[in-house]
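Everything below concerns the one structure shown next.
The values are calculated or read from the model by the stated rules, or taken from the named source; none is laboratory data. Note that the structure is a prediction, hence the values are computed from the model and not measured. Cβ placement follows ideal geometry from the backbone for every residue including glycine, while neighbour counts extend to all protein chains displayed.
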């Protein structure tokens, strides 16, 4: 097996607390980022359509053009789907570019599918958001290394806004 | 004289007349994205426009909400984005992407990226105020998200990201301080917006650096070719460069542009709130102005602006007010004493090329 995201920070962001292990029968959705094709070519096309001195300037690609370019190989699609089906994943849905796959699994299935992962409930953020995340790194079978970039929904917490009021509003009683 | 930034202050400073609004006849549109469990309220927008939108034509409501618009309290971030995108890009159809993560396991930003990959016809300009420390994200995630941003650029979408509100940032690596870049602001495929303040806080004057304006150099992405000349010039001519151990001089440098980020009025939960500040404010303002330029381009049969940076740097920031005074914040230590980079003539990693002067920017971006 291998770890696709060994360098992902897994510390709890300030203001979040753990509510303990998730029930193995609970369901969660995970997003699998499938390996794309022709990324170098995509980069060249971006340069061509964005550079005013290029004859291609402004001749943007449609979503379908982009899908034709980056769509994962049939081998990638087949390998990942077979692996997820064998693990009991249900209600999988993709996007037009077919490079993301979101599936529903029970916590038990997800922890078996992604060795090392251990799902916990957390609550935090300005609106007391509830999330399920793993404080431990996950692994994937080595055979998936050429096919999966990362799995979303394990480590990263929802963002918080850094917007602020300046000067900070003064609270009655703290004014010197 | 003014008592804080309102649409009329923005429109006066950036030389938008009452005629500089969407025509209502093109299929032009713009969008902002929300990732928090906080929502905008139509009633706040209506009150905001009643208070501050009297002297320009504008749309009364958001044209489309993509995703989940909850019934909870309005959030200042969501209220700000909608109110100022629809005031700068006035009378242009506006969408809101609301991706708070529909289920407990979902990552809101990833949800938004997938929405972009799942719909053919999207607004031309998207503004986003989300960002994370580059060092907190796995390289697999950063590289893949960067490819997603590249996909959007290939489709001619203009993605504007707030540069962050911590100046150059700061963290400790092996006991030594370094500046701390944020992502996706540091992606070479987005246009990143920094922040400014008025030189005289209660007058519409020239702008100076807002010390919180995020900026610096990526530790992940190398410097893209489009900014080679501008960044080399800055590095060789800035009289106040921090020690080289604090930043990766060969990385993608940001922001690319800026706008006012200090002292906004926002209406949230029916209450007018003063002094709201951050590059979350400057980003929808710049986005709205680009949408107005797209309006002219579309009406004259030209494609929308798309990914702006190659053109912006080729034209050396023409059509922008150059912000040349002030420095942003960074590490509080003896070596840099809380100071990051400083602005100067031309491009700099605090305010980019500067803030919009609408008539001049329109002239320079209308053709071809």
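Here are the numbers for the structure shown:
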| item | result |
| --- | --- |
| Lone qualifier among B:66, B:82, B:62 - being surrounded by fewer than 22 Cβ atoms within 10 Å (Cβ to Cβ), within 14 Å of chain A (Cβ to nearest Cβ) and under 21 Å from the mean Cα position of the chain (by Cα) | B:66 |
| Residue check, residue B:30 crowded, with 19+ Cβ neighbours inside 10 Å and more than 14 Å from residue B:95 (Cβ to Cβ) | no |
| Helices (runs of 4 or more DSSP H) within the range B:251-368 that include 1 or more residues closer than 29 Å to residue B:1 by Cβ | B:279-299, B:358-365 |
| Qualifying positions in the range B:212-233 - touching a residue at least 12 places away in the same chain (Cβ under 8 Å), in a helix (DSSP H, G or I) and either surrounded by fewer than 21 Cβ atoms within 10 Å (Cβ to Cβ) or out of contact with any strand residue (DSSP E or B) (no Cβ under 7 Å at 6 or more places or on another chain) (or both) | B:226, B:229, B:230, B:233 |
| Residues that are at pLDDT 95 or above and either out of contact with any strand residue (DSSP E or B) (no Cβ under 8 Å at 6 or more places or on another chain) or in a helix (DSSP H, G or I) (or both), drawn from the range A:10-35 | A:23 |
| Test result for residue B:303, surrounded by fewer than 24 Cβ atoms within 10 Å (Cβ to Cβ), in contact with a strand residue (DSSP E or B) (Cβ under 9 Å, 6 or more places away or on another chain) and within 14 Å of chain A (Cβ to nearest Cβ) | no |
| Only one of A:95, A:39 that is over 30 Å from residue B:315 (Cβ atoms), within 9 Å of chain B (Cβ to nearest Cβ) and touching a helix residue (DSSP H, G or I) at 6+ places or on another chain (Cβ under 6 Å) | A:95 |
| Residue match in the range A:13-27 (condition: within 7 Å of chain B (Cβ to nearest Cβ) and either surrounded by 16 or more Cβ atoms within 10 Å (Cβ to Cβ) or under 21 Å from residue A:132 (Cβ atoms) (or both)) | no |
| The listed residue being facing chain A (nearest Cβ under 9 Å) and surrounded by fewer than 21 Cβ atoms within 10 Å (Cβ to Cβ), out of B:153, B:121 | B:121 |
| Considering residues of the range B:124-149 that are outside any helix (DSSP H, G or I) and closer than 18 Å to residue A:149 by Cα only, the residue nearest to the other protein chains (Cβ to nearest Cβ) | B:138 |
| Lone unmet requirement of (1) over 23 Å from residue B:140 (Cα atoms); (2) more than 12 Å from chain B (Cβ to nearest Cβ); (3) part of a helix (DSSP H, G or I); (4) free of Cβ contacts under 8 Å to residues at least 24 places away in the same chain for residue A:108 | (4) |
